[in-house]
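To start, the structure under review is shown below, and the notes come after it.
Values quoted throughout were computed directly from the atomic coordinates according to the rules given, and no laboratory measurement underlies them. This structure is a prediction, so every number in the text was calculated from the model and none was measured. Don't worry about glycine lacking a Cβ; one is built from the backbone with ideal geometry, like all the others, and counts go over all protein chains shown.
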Amino acid sequence: MNDVIPTEDSDDVKRSFGRCLLYQEKDKKFLDRFYEIFISSHPAIKPIFEKTDFKTQIAALKNGINMAILHAKGDSLAADVLSKIRKSHNRQHLNINPEFYPYWINSLIKAIKESDPQFSDSLEKKWRSVLQFTVDYIKAGY
């Protein structure tokens, strides 16, 4: 595995994320749409979010995606933040089963595809690379 993702790729992902955050359709914002897709992607995911405050969760996800993008570039602050996420998602805390991460990535890609007017196959590969880089890090702490 590479130590970091090429800067150009992570910069393209960052710009795409910005475009996605500007997206809104019928009062449905990008990250709301992501959770709609993700929660319906597997029957075992919905119960995980039953008592979730989505306003707080969406803010955390927005920050987490930003940190994932920076982490892929080798940013040390992002690595510190992601180490906390890694610990919070392990079996001693939230116990987020690693089998759910592909659903998370695929749901996020689907929401991005719906939200970013400049989405392309090339951009999807860059997103997947950045997300997988971070997911691999988080899963390693399970």
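Taking only complete DSSP H runs, can you tell me which helices of the chain stretch 20 Å or more along their own long axis by Cα positions and average at least -1.0 on the Kyte-Doolittle scale? Mind dumping the intermediate values first?
Values: long enough: 7-22 (23 Å, -0.78); 54-72 (26 Å, 0.55); 101-115 (21 Å, -0.16); 121-139 (26 Å, -0.60).
Within the chain the helices that satisfy the rule are 7-22, 54-72, 101-115, 121-139.
Per-residue ellipticity at 222 nm from helix content only, as computed over the chain with -39500 (n - 2.57) for each DSSP H run of at least four residues, stands at -21500 deg cm²/dmol.
Once each of the trypsin sites (Lys or Arg not before Pro) sitting in a DSSP loop with at most 16 other beta-carbon atoms within 10 Å is removed, the chain keeps 92-142 as its longest stretch. Multiplying the residue separation of S120 and H93 by 0.36 nm and removing their Cα-Cα distance gives an extension gain of 6.0 nm. Relative contact order, whole percent, for the range 33-142 stands at 37, derived from Cα pairs under 8 Å and 6 or more residues apart.
For the range 7-139, the Cβ-based charge dipole about the Cα centre amounts to some 320 debye (Lys, Arg positive; Asp, Glu negative; other atoms uncharged).
Between the entries (1) -0.95, -1.13, -1.27; (2) -0.74, -0.97, -1.24; (3) -0.69, -0.88, -1.08, the label attached to log10 I(q)/I(0) by the Debye sum over Cα atoms at q = 0.15, 0.17, 0.19 Å⁻¹ calculated for this structure is (2). Modelled spin labels at K55 and D80, positioned 7 Å past Cα toward Cβ, are 2.9 nm from each other.
With a ≥ b ≥ c the root eigenvalues of the C-alpha gyration tensor of the range 1-57, is it rounded (a/c under 1.5), prolate (a/b larger than b/c) or oblate?
Details: a/c = 2.72, a/b = 1.49, b/c = 1.82.
Oblate, because a/c is 1.5 or more while a/b does not exceed b/c.
Taking a straight Cα-Cα cut-off under 13 Å and skipping sequence neighbours fewer than 8 places away in the same chain, the aspartates and glutamates within cross-link reach of K139 are E99.
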